[in-house]
Amino acid sequence: QRKRATGGDLSSGDIIGYLDFRPYRDDYDNIAASIYGGVEGTLGTNTTPGTLMFGTAAAGANTVTERMRITSAGNVGIGTDGPNAPLDVYNISTQQRWSYDGTYYTDMTVASDGDTQIQAKLGTLSLKTDTAAKTIRLDSKGDVMIDLGGSAGTYLMKVVDSSANWLLTCHDNGN
């Protein structure tokens, strides 16, 4: 497989096709968005591993910056050109926002020190099993409710320190 312009061999990282979105016809230095197809990895006979890249121009800019990539492995990266998972999101602020209607939403952020924060806006944060029999709930006032669906003689909740010393236990007496 040969490069069209130079006749040299294609290699990983080469762009093999693109689609630019421009505000005016023949406006060659002003691009609002782009989609690029490229080679990713080693080429072989009848084998061309590919990547698809999506770019947009920021406000006040006339060139695009890559915002999202789909790799030959099917991984999607937002804010990264080397995603390592089916969905890999990089950002120094909120990495994900899940929203019901724009008013009720949950943000997830991983800080530079590795701390993870999940923050519910205008609602409660609940962790549930598929049957909802076991629940940990944190409401907007900071109150915590733990219902682990125990039965008589089992622990509903155990709090232990780093040496596995019991600090607090709650038992279900069946009543």
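The values are calculated or read from the model by the stated rules, or taken from the named source; none is laboratory data. Because the structure is predicted, anything quoted here is derived from the model rather than measured. Every residue, glycine among them, receives a Cβ derived from its backbone with ideal geometry; neighbour counts consider all protein chains shown. Protein only, heavy atoms only, side chains kept; ligands, DNA and RNA dropped before computing areas. Shrake-Rupley method; radii C 1.70, N 1.55, O 1.52, S 1.80 Å.
Would you calculate the separation in nanometres between label points at residue 166 and residue 46, each defined as 7 Å from the Cα along the Cα-to-beta-carbon direction? Here the modelled spin labels are 6.7 nm apart.
When the surface is traced with a 1.4 Å probe over the full set of protein chains, residue 19 keeps roughly 90 Å² accessible. Packing-based ranking of 21-28, 86-93, 103-110 yields 103-110, 86-93, 21-28, ordered from highest to lowest mean Cβ neighbour count within 10 Å. Extension gain, residue 27 to residue 100, is 22.3 nm, computed as 0.36 nm per intervening residue step minus the present C-alpha separation. Per-residue accessible area (protein heavy atoms, 1.4 Å probe) orders 45, 124, 135 as 45, 124, 135, starting from the largest. Alpha-carbon geometry of segment 1-111: the Rg and the Dmax are 17.3, 55 Å, given in that order.
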